[in-house]
1. Given an 8 Å cut-off on Cα distances and at least 6 residues of separation, report the relative contact order of region A:329-621 as a percent.
2. Extending each Cα 7 Å along its Cβ direction at residue B:312 and residue B:409, get the distance between those two points in nm, one decimal.
3. For region B:7-300, what Kirkwood radius comes out of the mean inverse Cα-Cα distance, in Å?
4. Taking region A:603-655, how much of its Cα-Cα pair set, in percent, is spaced more than 13 angstrom apart?
5. What is the sum of charges, Lys and Arg at +1 and Asp and Glu at -1, for the other residues whose Cβ falls under 10 Å from the Cβ of residue B:506?
6. Using the Karplus curve 6.51 cos²θ - 1.76 cosθ + 1.60 with θ = phi - 60°, what ³J(HN,Hα) values do you get for each residue of region B:446-462, in whole Hz, with x for Gly and Pro?
7. List the equivalent ellipsoid semi-axes of region A:136-289 in whole Å, largest first, each obtained as the square root of 5λ for an eigenvalue λ of the Cα gyration tensor.
8. I'd like to compare B:223-230, B:50-57: which one has the highest average count of other Cβ atoms within 10 Å, and what's the full order after that?
Number of protein chains: 2
Amino acid sequence: MSPLYYVGLQPELSTLDTAIDSDGILSVVTDGYDVLSVPITNLHFRSRVSRISQSVSDPAIVPHISPPIYPEVNFAPNSTYAQHVLGICAKWIELDSTDPRIAGVSAQILKHELSYASFCGLSYVIVPGPTRRNNVALYAESLNAALAAVPYINIIVHLAMAETGVEDPSGPDVPAPVDAMSIWDIWNSVRTICDYSSRLSVGLQLPPKLPPQTVVSRWFAEPITVLFISANIFLSNPKGYPVLSKAHQFLLFKYMKIKPYTILQDVREATQIRTSSKLPSKQDESAYLIYIRHLHTILPSPTAVEKFGRGYQDYLQNPLQPLRDNLESGTYEVFEKDPVKYAQYEKAVFGALSERGPNPNGQPVIVAVVGAGRGPLIACALRASERANVPIFAYAVEKNPNAYTYLLQRKELQWQSNVEIVFTDMRSWSPTHKVDIMVSELLGSFGDNELSPECLDGVQRVLKSNGIMIPQSYSSHFIPAMSPKIFSSIKSQNKEDIMNTPYVVMLQAVDLLAMEIKQAWEFRHPCPYLRANSQWPASHRINDLSQNDDSTATVKRDTPFDIGNEHNYRHVTARFSIESRGVMHGFVGYFESVLYGDVELSTRPDTINKKSKDMVSWFPIWFPISTPLYVPDDAEIEISIWRKTDNRKVWYEWSVETFVLVPVPGPGSDNRDSIASASASPARAISSPTKRVRLGCSKLHNPGGKYSSMLL
Amino acid sequence: MSPLYYVGLQPELSTLDTAIDSDGILSVVTDGYDVLSVPITNLHFRSRVSRISQSVSDPAIVPHISPPIYPEVNFAPNSTYAQHVLGICAKWIELDSTDPRIAGVSAQILKHELSYASFCGLSYVIVPGPTRRNNVALYAESLNAALAAVPYINIIVHLAMAETGVEDPSGPDVPAPVDAMSIWDIWNSVRTICDYSSRLSVGLQLPPKLPPQTVVSRWFAEPITVLFISANIFLSNPKGYPVLSKAHQFLLFKYMKIKPYTILQDVREATQIRTSSKLPSKQDESAYLIYIRHLHTILPSPTAVEKFGRGYQDYLQNPLQPLRDNLESGTYEVFEKDPVKYAQYEKAVFGALSERGPNPNGQPVIVAVVGAGRGPLIACALRASERANVPIFAYAVEKNPNAYTYLLQRKELQWQSNVEIVFTDMRSWSPTHKVDIMVSELLGSFGDNELSPECLDGVQRVLKSNGIMIPQSYSSHFIPAMSPKIFSSIKSQNKEDIMNTPYVVMLQAVDLLAMEIKQAWEFRHPCPYLRANSQWPASHRINDLSQNDDSTATVKRDTPFDIGNEHNYRHVTARFSIESRGVMHGFVGYFESVLYGDVELSTRPDTINKKSKDMVSWFPIWFPISTPLYVPDDAEIEISIWRKTDNRKVWYEWSVETFVLVPVPGPGSDNRDSIASASASPARAISSPTKRVRLGCSKLHNPGGKYSSMLL
């Protein structure tokens, strides 16, 4: 059964009608709608307000408006039906009027209407959006005051997606775009001034012509509670039934994911036009509702990742620390279900074995799975061995005692003699024979964030000099992003450590701000630096199994700390170009990995389909910033990130700087990097078409690993 | 005795010299200097670092540098002299190098040197500033890591005031200015990334030619611990003694107020040139020190306000709430000392009495001082009465029981029968006769912030219909400002309420960002709205003393609440033009008041000298914002502020929006105020030379008076 999707009706009632009774509500609900949106007050109230406003002569004085009373309101409290009603605030108020009397009267009316709606048990009131660009603070302050005065109600700000005249430039007959982001911009100011109130959301009006894709994506990241669709924007199909254009369908498919209320407007009017009838039948009118319900049933099926992550959208999870903590069997089991990851691993081991070939002396090739868990990679390796026709002997090295027990059982039942189960931290492992192919799955959402580099460095000493490690390399990637939802969930907890911790999160209500994801850094295995710098004492030397079958050797856990871990320090500062303005709440991290040869894994949205389509094991990682940074059009965001380490732990630090590129009319711009000093030559004025102007920067997050780190 | 002023010497020691011993430090101190700045390490250390750096072949690897050892350091620990030494970090390090090896080695050296300096008991280490504009995050991260690694040391970042080529355009022979704020801009990023660490400050190098005044003022608001002055920038006076130019003297006079260490450099070299001697005498060398000491003795005397506020610079005080709290005698006494305020009040009462003249029937004019305190305004009124030759009868109305007692004594000893002392809240006062002239001193730093409007509204009913109130009006004024010092003192307390409370503060380390202070709003007395709307029940009517001497009457406390307090609500959104970029931490509030006719009070720095020079009773008020807002050159700051009220309290709310004006190359700019809606006409493209681009906004501060309010 598909999840519930709420569709509502905004009836075209004359606001002079008498109050809507529960029968009225009932009839709409029995007509198949889930909710009804109703103006809270009617023309009686409006007339009274007008009379009072006109009676006050002093232009400096805001007249006092007392709350609406019967018959000025459209409905009475009814707990049975309250859940089916969204209140609509009077459309004639103007909270951001430049006339203080109009603004003052409007603010009173808003409070009264919210208060009455709350009394009647409603949860939501739809409030008209700002009417101008330049009085946003006053508008926001009125909402804020109303929210404070009425504690349980939620405000839905009714907004257009973009100003009229802003249409998708890829569509036909498009005039020059005005300012596609101006409405979003105003909304962003309103919610910022209201301090990201969780009781403030958006009711978005679908326009007849859609705005550019950047605008559609932007709104998708916002808290949309309602989608308003006028029946007038429907087309007629050949049979005369109302349908939406392809473009509108795609937009609805996207927005339906966040399950807003969809509210149909102008249904009677549009039906009259469509059917050329003054009194269309209920059946005729229901065509729009039926169509929306139909669209919901033909929603494109969710991707593998969406299915896997259902219920986890935008939910912050602490990254696993498998080195510090022993995982539960259930956790292993979830990851073992990935349809793609283990296929790729099997392909990689197959490739390595095929290229290497069987040992000429008939000895099996030594494969070690370090961090074997419940053994999925052992199974991969055995299958690959069989397919490649290269016999192997496999070590399964595991430090989790419970997983070790499971592995012992599995060896008994399945694998028998050509697998040896070793209970140890791989960094302390002393095998009797050196290893030809070492396979691991220690990667986290940001690649190295579960300490894969340090673990593999610690076991590299048991690899033969011509040995192969799978994965051969992995790299971390990142991009600045906007997510009011994640920011407010972090903010609401109001703890310094949460602002300084990277989280694993299945992203949904997120808008990537830059054009391009960039690579942060890379790790390669075997580690070239360790290769060049390890000096093994003679007593620790291990013989290769292929050379001397009888010898035994011990290896002490003397790496990586003997030569420090500085070689796993990383730092990068990357510059991202931003075309459309937005507000940055953090950045998203991904990884790519070369398992072997051309067998790769990727979680980057732009390469996952090419490299490892439908792989679900990793959600992205989210690095929050404590204060949102606004960037205008034609901006640059520079993210600096460090992977730091001491002998006990590894952690990330990050900071962000923002710039805007401003056109420079004449010469005299100054983009030099170096600072002119007393000894430098006189300053030169370099002519350039734009100037890079510094805008803001964040503090350094998580300094010294104070708030979050991975223990070695 | 003038307060201590520290002058230091940076000796031109060859860094290959052997370590400085305590005798060396002693000799400098006995030469009249207070401190000595000394490089922590010498060329031995530098040679070792070079050798190690060159020995590592892998370009990806940062070599490990062990701490400096004897004889690589220039001094040994000596607790007696540690307080006289400022350490200088190696000048050849480059923390922001784009070569990761140089940056990595530099970061290690910084930590080692800080650590050694701390071990030796030093409190300050001077660190070279960034060398480039575009690697600021890396530079700041290194400082931050070093501060974290060495817990008690303070870092002084050595910076030029501006890049070479940036000179005061009002001076002679000036090339085109480069970018006067670029060095400040970098510093601002460094300290922002370091999260306003209290252990990070600036050591400013005085340039031979001074930068524009905006730059001088900007640095004055920063935490300057050291002023470096090279002896080479001194001129010779006719007698051959070294002196500074007038411009430099003025700058020093300004900066000496914040008492930095002044450190002289290149003294021997400059003396050699001046005296044409290879081995100048100690006496010749001391001329620079003597001159700086001399300058300090001829510092222009502090203004009346500076004297009054000594010790309170940039110190946050909660505004008085004299309505809620009863003041101490000492508090009254401090304010009574104002040399200007009471002279202005006396002038105002004199003006009112003179204009009014004596009553024709010989009855005295009724004067009421409401909120009489210890009686200074009664004294003013009596003096004014005598000078104007208009007999008065004065009421002294006071609700503070202790002040009342004091007033009774004063009546007994000084005033006798023509003064009556009344113990009541003025809002409940029921005099036997109505009042001709009502005098009050209820103003706070922002004018109305001690509830003068509400108190005076409450007593206005006892004023005759042709009565006069002194003050006749007052207005609030404001301007956005930068103050890292105030911001970090608020931030360090990390409490939500402190970020949402206006403070009274004697401003010093503050830079006003806008060109112009703007008026927020005004209050007039008697209140015209109350005049027009009060309906007095017959039983409450009071007779004028002049009309009927025998009648008595009672007045109940039925204002202001009977008709609400909405008429004292105020709101303004003001737009401020910003020429030079900066970071806004809050805004400063002042007031002006018309006492009577042309007798005024002002705390606005641009009008105080004209209206009430040397008045000291009020420091400005500071409205903080919780997150600093950066603005680039050619920006606009829009501040919205509300004075809100219910029947129990009055409070302010405020929010800030920022914009930048960007030149628009062609047509297509879009500065329309209104939002195009479906019904509006098609969007027009209005040609305009600049575009106003929204940059950021603050949240709404103190919503609902949650954090700070004045109780009625």
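The values are calculated or read from the model by the stated rules, or taken from the named source; none is laboratory data. All of these numbers come straight from a predicted model, not from anything done at the bench. Don't worry about glycine lacking a Cβ; one is built from the backbone with ideal geometry, like all the others, and counts go over all protein chains shown. Remember, those area values only see protein heavy atoms, side chains included, never the ligands or the DNA or RNA. Shrake-Rupley method; radii C 1.70, N 1.55, O 1.52, S 1.80 Å.
1. Contact order relative to length: 23 percent.
2. With each label point 7 Å from Cα toward Cβ, the separation is 2.4 nm.
3. Values: mean 1/r = 0.0495 Å⁻¹.
Mean inverse Cα-Cα distance, inverted, gives 20.2 Å.
4. More than 13 Å apart: 75 percent of the Cα pairs in region A:603-655.
5. Working: positive: B:310; negative: B:306, B:314.
Net charge around residue B:506: -1.
6. 10, x, 7, 6, 10, 6, 3, x, 5, 5, 5, 4, x, 10, 4, 4, 8
7. That gives 31, 21, 13 Å for the three semi-axes.
8. So the peptides B:223-230, B:50-57, ranked by packing, come out B:223-230, B:50-57.
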